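Participant: Below are the structure tokens for one structure; questions will follow.
Every number here is computed from the coordinates shown, using simple stated rules; none is lab data. Remember, it's a predicted structure, so these values are computed and weren't measured experimentally. Every residue, glycine among them, receives a Cβ derived from its backbone with ideal geometry; neighbour counts consider all protein chains shown.
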Amino acid sequence: MTELTQADPAATAASDKAADGASRFDAVALQVVHSRLETLMRLMTRTLEQLAGTAVGREAGDYSTAFMDADGRIVAFGSAVITHLGHEVQIIPWIYEHYGRDSIKPGDVFISNDPYTGGSVHSSDVGCTAPVFAEGTLVGWVFCDMHFADVGGMVPGSFSPSAGDCFAEAVRFPPTRIYAGGEYLEDVVRAFVNNTRIPTQIARDISAEVGASHLGVRAVAELAEQYGAAELGHIIAGLRELSEEMFRARLRKIPDGVYESADYIEDGYASDRVYRALVQMTVSGDELYFDFRGSSEAAPALLNCARSGLVGGVMGPLIQQLATGIPFNSGVMRPLHVRSEPGSFIDAAFPTPIGLATGYGAWAVSDAAWGAASAALEASGDEYLRGRSSAQAGGGAHCSIFSGASNQFGEYSIFLNMDGPGGQGLAALEGLDGARGSNVSLWGSIPSVEAHESHEPFLYLSRELWRDSAGAGRWRGGAGLKSAVVVWGEKTSDQSGTFCSVRNAVPTVGRNGGYPASGVYYGPIAGTGVGEGLEHGTLETCSEIQQRYGASFESLPSKAMWEGERYLHRGPAAEVFIQTTPGGGGFGDALKRDPQAIAKDVEEGIVSSAAAASVYGVVVDELGAIDEDATAARRKALREERIHPSNPAPVPVNQGENDGC
Amino acid sequence: MAAEQMKIGNVEHGPSGCSCAGCGGTLCGPGENWKEHVLAKRGNAAERLNQGQFGESYRVHENQHVELAELFCPHCHDLLSVELYLKDEPYRWDYRSLETAKEQGYDPVSEFHQDEDSWISF
């Protein structure tokens, strides 16, 4: 829990006194209200997890909660997806503009998932928002948002690389009442659910959000009754003012100037084109400007984001890096100004496809801004702020969506594998190997194997750390994961799929001399005999399968659609499906990594002994001991190669650690 | 040019230009981008990264547009930075002072005050 006086004592001390020395805020009331709202965010989150209809909501952490004041300004934000702030700041003004503020009544609940009306960042994230009244006055809004596994459109799972506009991607609801004055509008819910392929699960998801919203409305109303609506408004204004002053004090520690960075996202379906999110971040006194002009024009497919994604992407480095430790609310946003080129892939114009905006366009915005923020924080010279700089965490969404006529229960099913967003390697930073998660989510959460298997028609052969996937550096990135699954279940039919990933051709970058992590790959291996082995109780791991059958691996492009044309089969001839998640970027020069740390990496299977020698210049023998003379010679050779690039140091021979693919 | 001495990554920025934080060797003068004045290996990212050096299971999909730049100190050969670029994309500036940026035609603060409606504010 953030304490109001924790991060910047000097700023806080300055802020809680008015010019005449009198206290402007009741510090105790501020802390109590702040803490209660933070707790409420957790309770609403827990409600979503408990009631959600799929593993995406129950275990993958793809949701958020918020409390906004009567004008729609953020007062409290709950875990986990920061990008959702991009539409959370837009939705209430949209409702007022289109329905009128006077039309809002106690007991209203709105559903929304349209990225072009402030209702979402991508249509798969469906939100519920409800007004809170106390003493007859509108005191604020509670909001929650969660990824739904299917929202219609042309393919199961609603991620289509071939959709040419947002109409083909999903059903899109602008903010629309599903409760009016406390009356449940079943017709409207039915209209939404009727447009999805898994109506039972989607109805449960909606119920989860309604439940979380009702909880939020009741809790905030109790708070308002305790303090009085007017006093609560005063306290909320105080929280906002305090956060703004703390953040402005923070910005003044960063040297004025322009910090530049970029991130890239590959298409991989319509073409091999790579899209650039370019940012120039300017600090001038206590004002902060993010200028994304110069970014690529819109793509013909789902990797764009609308303005909601642009804003949501910027919020990541704001919360995780620049304003970390400061109570987050709209006060932190006050010094912030964002500009882009309307029509670019990070500020796409209606009806450009935006199906995976959160995982691609908005994520590129966040990662680009992360790089600029890291440079600015390093420039500050402030030890606390410098510690917020890091390499890039394994990022982007990596989604395999399988669907079939029958799962293990004999029902049509969609299996949205969300292992990617939660299973990515963490970023390295000064002094720490893989220790920092992405700017996009406050925590990475990955469904357990058992959660998958109990509801989805697949058996996990293994899920394991992926050796040599981490970005090399003085401090290395965290390793990615690789897993192997087969179609499973007596009633299960063959499964078709749609696949979307990034960081295949554009790997996760390091920082300050750290190297990129490996690109990701995924695809089927046929002819393994695994299906037959399973029938006799034999289970092979992903690495074992790769070693034995790697030559049969079919590496799919970063986006692929099988719908109606290709299937994974079950039974004795079952194909194994391999999937990886990206590692984190490295930080600093790999030749300066402590040899003992490398020996430990080799022992733990994170780095192969071959890569230890060829990247880090550390020679480890078969027993795990460091050969110091060979290491010194190897590092000298690698350093000399830098001066004579035409004479590269030889790559060590493979030492039997080939993963095969 | 930085008005004050500051360290970004492995490079010191100051009024007299940029220098290597490791050895102190001068990289460039004021108002210049240090990345254009150091030892650089730049080429197709997949070709560079898929040579086997990073491990047998490490792989980057081939793409003609993506380049990897490895930037070394010309004095001590420390690896200063490893960055991705599109083919033919100019090196990015880690940092420019407001004055340098303005001299080069970029002044977002003035642009904001002249046309606030073109910016998203909160």
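Participant: Can you list the HN-Hα couplings for region B:111-116, worked out from phi with the Karplus curve (6.51, -1.76, 1.60; θ = phi - 60°), rounded to whole Hz and with x for Gly and Pro?
Facilitator: Karplus values, whole Hz, x for Gly and Pro: 4, 5, 5, 7, 8, 4.
Participant: What does the convex hull of the Cα atoms of region A:340-490 come to per residue, in Å³, rounded to a whole number? Please report the intermediate quantities before stating the final value.
Facilitator: Numbers: hull volume 19.8 nm³, N = 151.
Cα-based convex hull of region A:340-490, divided per residue, equals 131 Å³.
Participant: Based on alpha-carbon positions alone, could you give the equivalent ellipsoid semi-axes of chain A from the gyration tensor, as √(5λ), descending, whole Å? Let's see the in-between values first.
Facilitator: Details: eigenvalues 336, 223, 85 Å².
That gives 41, 33, 21 Å for the three semi-axes.
Participant: To continue, here is another question. Can you pull the mean other chain C-beta count within 10 Å for peptide B:112-122?
Facilitator: Details: counts 7, 0, 0, 1, 1, 0, 5, 8, 14, 7, 14.
That average works out to 5.
Participant: Let me ask another. Please report the antiparallel percentage of the DSSP beta bridges confined to chain A, to the nearest 5. Kindly include the intermediate steps, with their values, before the conclusion.
Facilitator: Values: 81 of 86 bridges.
For chain A, the DSSP antiparallel bridge percentage is about 95.
Participant: Taking every residue in A:269-275, how many Cβ atoms of other protein chains lie within 10 Å of its Cβ, on average? Each step should come with its number before you reach the end.
Facilitator: Numbers: counts 0, 0, 1, 6, 3, 7, 2.
Per residue, the average neighbour count from other chains is 3.
Participant: Filter the cross-link list A:Lys636/B:Lys87; A:Lys592/B:Lys7; A:Lys636/B:Lys35; A:Lys482/A:Lys592 down to pairs whose alpha-carbon distance in this structure exceeds 21 Å. Intermediate results must be reported in sequence, preceding the final value.
Facilitator: On the way: A:Lys636/B:Lys87 31 Å; A:Lys592/B:Lys7 19 Å; A:Lys636/B:Lys35 24 Å; A:Lys482/A:Lys592 28 Å.
Beyond 21 Å between Cα atoms: A:Lys636/B:Lys87; A:Lys636/B:Lys35; A:Lys482/A:Lys592.
Participant: Mind listing the phi-derived Karplus ³J(HN,Hα) values for region A:249-255, rounded to whole Hz, using 6.51, -1.76 and 1.60 with θ = phi - 60°, and x for any glycine or proline?
Facilitator: Coupling constants for region A:249-255: 5, 4, 5, 5, 7, 9, x Hz.
Participant: Turning to a different aspect of this structure: Residues with amide H under 5 Å of A:Ala349's amide H, sequence separation 5 or more or different chain, H placed in the peptide plane at 1.01 Å from N; which?
Facilitator: Close amide H contacts, sequence-distant or interchain: A:Gly343.
Participant: For A:Phe415, what residues show an amide H to amide H distance below 5 Å, using hydrogens built from the backbone and excluding near sequence neighbours?
Facilitator: Excluding prolines and chain starts, which carry no amide H, the hits are A:Phe402, A:Ser403.
Participant: Follow-up. Which length gain, in nm to one decimal place, applies between A:His644 and A:Tyr412 when the Cα-Cα distance is subtracted from 0.36 nm times their residue separation?
Facilitator: Working: separation 232, 0.36 × 232 = 83.52 nm, distance 6.04 nm.
So the chain would gain 77.5 nm between A:His644 and A:Tyr412.
Participant: Applying a 10 Å radius around every beta-carbon, put A:290-297, A:446-453, A:78-85 in order of their mean neighbour count, most first. Walk me through the intermediate numbers first.
Facilitator: Values: A:290-297: 20.4, A:446-453: 17.0, A:78-85: 25.6.
With the highest mean Cβ count within 10 Å placed first, the list reads A:78-85, A:290-297, A:446-453.
Participant: Calculate the mean, over all residues of peptide B:85-94, of how many other protein chain Cβ atoms lie within 10 angstrom of the residue's Cβ.
Facilitator: Values: counts 3, 8, 1, 0, 4, 0, 1, 10, 7, 12.
For this peptide, the per-residue mean of nearby foreign Cβ atoms is 5.
Participant: Residue-wise, which Karplus ³J(HN,Hα) couplings in Hz belong to region A:635-643, taking 6.51 cos²θ - 1.76 cosθ + 1.60, θ = phi - 60°, and x for glycine or proline?
Facilitator: Per-residue couplings from phi come out as 5, 4, 5, 5, 5, 5, 4, 5, 7 Hz.
Participant: Out of residues 5 or more away from A:Val132 or on other chains, whose amide H comes under 5 Å of its own, with H placed 1.01 Å from N in the peptide plane?
Facilitator: Under 5 Å from the amide H of A:Val132: A:Val139, A:Gly140, A:Trp141, A:Val142.
Participant: Quick check on packing: order A:185-198, A:482-495 by the mean number of other C-beta atoms within 10 Å, highest mean leading. Walk me through the intermediate numbers first.
Facilitator: Numbers: A:185-198: 16.2, A:482-495: 20.9.
Descending packing order for the listed peptides: A:482-495, A:185-198.
Participant: Let me ask you something else. What aspartates and glutamates does A:Lys491 reach when the alpha-carbon gap must be under 13 Å and sequence neighbours fewer than 8 apart in one chain are set aside?
Facilitator: Excluding near neighbours in sequence, the set is A:Glu411, A:Glu456.
Participant: So what is the 222 nm mean residue ellipticity for the protein assembly as shown from helices alone, if each DSSP H run of at least 4 adds -39500 (n - 2.57) and you divide by all residues, rounding to the nearest 500 deg cm²/dmol?
Facilitator: Values: 23 runs with 227 residues, N = 783.
Counting only the DSSP helices, I get -8500 deg cm²/dmol.
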